[in-house]
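Everything on this sheet refers to the single structure shown next.
The values are calculated or read from the model by the stated rules, or taken from the named source; none is laboratory data. Predicted, not measured: the structure shown is a model, and the values here were computed from it. We place every Cβ from the backbone using ideal geometry, glycine too, and count neighbours over all the protein chains shown. Accessible surface is based on the protein model in full, side chains and every heavy atom, while ligands, DNA and RNA are left aside. Shrake-Rupley method; radii C 1.70, N 1.55, O 1.52, S 1.80 Å.
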Amino acid sequence: MFITIEGPDGGGKTTQMNMLVPALEERGLDIVRTREPGGTDIGDQIRSVIMNMKNKSMDPRAEILLFCASRAQLVSELIRPSLSAGKIVLCDRYADSTMAYQGYGHGLDRTVLKNLLEFTTDGLKPDLTILLDISAEAGLRRRITNHDEWNRMDDYALQFHERVRNGYLEMAAAEPNRFVIINADRPKEAVHEDIINRLESLMKM
Ligand code: TYD
């Protein structure tokens, strides 16, 4: 089973992944945890180019292709082999991030992106996508107070993040069977409990 976790910046994906992985392992599930961009040696090298503050002049097309290059490597090197071995793959961001950030956020042609993403992933779609939903304002406020990993990607306007959020909600509405929407603007324990309850009923754990 292939599960992705998605959402705007500041929704607490990493915190929730840290809580979710041991909770699923306690239930006897064999979990492979990974993230985007990165997740493989080659992917991590690509990630450092994408995140480097020195690369402010990066063209949006170049940026998309780097995200996709990292993802193609991740699919072939880790995700597909793990799924074939019967494991549950839990991935922090995947193709929906490109559609949300580059498509809805930056306004790049979504039909072109859809084809590019199909090529990148070799047609591999998640079985389930957990969307940690948070408003752009609340998400950014969290990131600023956390101060943890401020990167080049955070340096965008509030409106951009609002478009990203609305893009996610639109995608979720179009595929209600794949997406589970979780209100992430709550204490982390409440969000975690919500995710576990939803997964329990969906996966019959
Ligand atoms: P990361 O440090 O992983 O942030 P987060 O913890 O919020 O996931 O940085 C990833 C950034 O890259 C984030 O702002 C979203 C962005 N991104 C895209 O714009 N397109 C993509 O395809 C992916 C995977 C990420």
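Quick notes on this structure:
- GNM on the chain, alpha-carbon springs under 10 angstrom: the most fluctuating residue among 21, 75, 112 is 112.
- Accessible area of the chain belonging to carbon and sulfur atoms, whole % at 1.4 Å probe: 51
- Residue-normalised accessible area of the chain, given per residue in Å² at a 1.4 Å probe: 49
- With eigenvalues of the C-alpha gyration tensor scaled by 5 and rooted, the range 1-62, Å: 29, 14, 10
- Ordering 166, 10, 49 by Cα displacement along the dipole of the chain toward the positive end leaves 49 in first place; charges were set at the Cβ atoms of Lys, Arg (+1) and Asp, Glu (-1).
- Taking all Cα pairs closer than 8 Å and separated by 6 or more residues, the relative contact order of the chain comes to 33 percent.
- Taking the Cα centre of the chain as reference, the dipole from Cβ charges on Lys and Arg (+1) and Asp and Glu (-1) amounts to some 180 debye.
- Of the residues 35, 61, 163, the one that moves most in a GNM of the chain with alpha-carbon contacts below 10 Å is 61.
- Per-residue HN-Hα couplings for the range 188-205 [Karplus 6.51, -1.76, 1.60; θ = phi - 60°; Hz; x = Gly/Pro]: 4, 5, 5, 5, 4, 4, 4, 4, 4, 4, 5, 5, 4, 6, 6, 9, 6, 6
- The Cα atoms of the chain define a convex hull whose projected area, averaged across directions, is 10.8 nm².
- Highest-fluctuation residue, 29, 113, 128 considered, GNM on the chain with Cα pairs under 10 Å: 29
- Basic side chains Lys and Arg get +1 at the Cβ, acidic Asp and Glu get -1 at the Cβ, and with that the dipole of the range 37-107 about its Cα centre reaches some 40 debye.
- Over 23 Å between alpha carbons, listed pairs 114/188; 13/87; 87/114; 13/125; 56/125: 114/188; 87/114; 56/125
- The 3J(HN,Hα) values that the Karplus relation (6.51, -1.76, 1.60; θ = phi - 60°) gives for the range 69-74 are, in residue order, 4, 4, 5, 4, 5, 5 Hz. Gly and Pro appear as x.
- When only alpha carbons of the range 7-124 are considered, Rg and Dmax amount to 14.9, 47 Å.
- Annotation: amide H-H contacts under 5 Å for residue 35 (H modelled 1.01 Å from N, sequence separation of 5 or more, or interchain): 92.
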